Amino acid sequence: MDRTAWIVVTLCVVGLIAWYIYAGKQMPPARPSTATASPTSPPVAEASASARPYLSPSPVPTPTPVQPGPTFPEKIETLRNADVELRLTNRGGGIKEVILLNQIAKDDKRVILNSAQEMPIGAIVDQPAPPALPEFALSREPDGSVRCERAMQDGVTMRKKFFFQKTNPPKDNFLLEFDVDLANGGAQPYASSGYFVALGSAAPIHPRDYPYYTRLVWCVPTHGWFGESTVKARDRNVSSFQGGGGFLGLGQRAPQPFFQQDFTGGEWTAVTNQFFATIIAPLNATLAGKGFDSWKANGIWGRSFEVSTEQHMVGIEGAMHMPGFQLQPGQSYTARFQIYVGPKIYHQLGQLEHNEAEIMNFGVFKVVSQFLLNFLNTIHSVVKDYGVAILILTAIIRLVLWPLQSKANRSMRQMAALSPKMQELREKYKDDPTRMNQEVMKLYKQYGINPVGGCLPMMIQIPIFFGLYQMLAQAVELRNARFLWVQDLSQPDTVAHLPVLGWPVNIIPLCMAATQIWLMAMTPKTGDPTQRRVMMFTPLIFLFICYNFAAALALYYTAQNLFSILQFYQNKRQPMPKLEKVAPAGKRKR
């Protein structure tokens, strides 16, 4: 990239960071707290089983103290396949932990999801706060599924069944289903104004994971650019719960103890960190043996919690709200849910039927990110090394842009040749900036030079930059992917820490800055001293911004700089363009 491009890309990175800080302001407002719940009080915990029934018909939280933990012994049943182990608990009748058997966290330990909070995934609660979880009877069925059962008050029984979906061939090892059945065996009608399905929790796996991606997400119907029906994933990231001063005073917000949002026709809801997600999608429901129309989600709740004070890690916990129903004596209500719990592998999410791939949050340049990720995985399927795949992807992008960049380089050399004449005009009209700009533009016109001729490659690279950044930041395929000395392409390539100071030594960003300085030293100098001073500090600014980015992103830009240097050497071998005045349009020969 030329000097102008580096300025714009640096501003893009600054803008990207500013956007992350400011993004919390763009979230939809939380549902106002009711009169019975103080805005500074967390949502209520569920009372013990003897105090009120599970799935209480009360629609509003009542401020009561959090109940002590369960006194009955915990029982665990497991469901397991080649990729995941689910540990189901009798406390709340849900999934206590999810162990991803082929995903490694720190210190060679396996990644465990939902390990930071007590609320099990799939628990059915009336209010989604840390409850005194009721006891369920757990049993393993002959078909391998796990059954949870609990007798509630007034003759109502709740049964839940968790099992892996069976497809031939197996479609996805991270996909399971659970069914909820409520049977009214009492003499009185049973009414529920709605209930919550616990999503569990999500927290950063590694202290260096980007906290922005720890989010509460919900997918709802909307309309596209041309009025067509579509769906869109909306989210609330964990920083929005903590409050903050915003960016330059914009987007200031107060801390929120919890978040609650109403909607209609929700396709799915989820909690997610940078690389892993728990997504629950309602499938259908029946009431008294007949189809029940109100079976999609109609709300979401979430709160943040502190995972590690020392490492400043914050997680998020959530629950999906479902519509209410009424059961006459002898009637039953059944709801089916699908759970995806595992890594955010884009092509697998894209094969699911409820638009689960929308959780990737690729941003404005989603199409670019999707294309680059699919292309990167295609290259990897051949070379079997993600570091090499990134280098090949960089080479292909540079080859596509080569003709445009060559034209831009020629334009820059013409500008450099014109620099002495421009300097004369600046000296001559230094006291009259308006006249100076007019004369400079006139000079460009005389020699047929387009002052923005080098901008086209830069404009094309802006969506590539943002698309690549979002793609590399969320590509779970890069986790623990090695390349040369790099142990994990999704993390900075720290090889040591400076004594006393403790600062990390990241090699690839230093190489990126060195190649950028080399590239700028080769670029034709402009006559503008201000621009020269700005360009002198641009590599240092870019190094500061990108120093702790993922090694994959720094590797891409280092390789891109090397290709740019190669292209400059190739262009330098060509004769210097001559400055020739062009005839005015009206006097050109026909």
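Of note:
- Separation of the ILE460 and ILE545 label points, Cα + 7 Å toward Cβ, nm: 2.2 nm
- Computed E for VAL495/LEU566 - FRET, C-beta separation, R0 30 angstrom, nearest 0.05: 0.65
- What the Cβ-Cβ distance of ASN437 and PHE537 gives, at R0 = 35 Å and to the nearest 0.05, is a FRET efficiency of 0.90.
- With each label modelled as a point 7 angstrom along the Cα→C-beta vector, the ASP262-SER381 pair spans 4.7 nm.
- Cα shape, the stretch 378-572, gyration tensor, a/c 1.5 rule: prolate
- Cα centroid separation, the stretch 396-417 to the stretch 269-344 (Å): 52 Å
- Positive minus negative residues near ASN548 (Lys, Arg vs Asp, Glu; Cβ under 14 Å): -2
- Distance between the pseudo-spin-label points of LYS166 and LEU101 (7 Å out from Cα toward the beta carbon): 1.8 nm.
- FRET efficiency for the pair ARG80 and SER406, taken as 1/(1 + (r/R0)^6) with r the Cβ-Cβ distance and R0 = 56 Å, rounds to 0.50.
- Full-stretch length increase - MET522, LYS290 - with 0.36 nm per residue and alpha-carbon distance subtracted: 76.1 nm
- Within the stretch 378-572: Cβ-based charge dipole about Cα centre, in debye rounded to nearest 20 (Lys, Arg +1; Asp, Glu -1): 680 debye
- Among the listed pairs LYS106/LYS166; LYS75/LYS290; LYS166/LYS344; LYS106/LYS232, those whose Cα-Cα separation exceeds 23 Å are LYS106/LYS166; LYS75/LYS290; LYS106/LYS232.
- Per-residue Cβ neighbour rank within 10 angstrom, fewest leading, CYS219, CYS511, CYS546: CYS511, CYS546, CYS219
Each reported figure results from applying straightforward, stated rules to the coordinates on display, with no laboratory input. What you see is a predicted model, and the numbers here were worked out from it, not measured in a lab. A quick note on method: Cβ atoms are made from the backbone with ideal geometry, for glycine too, and the neighbour counts reach across all protein chains shown.
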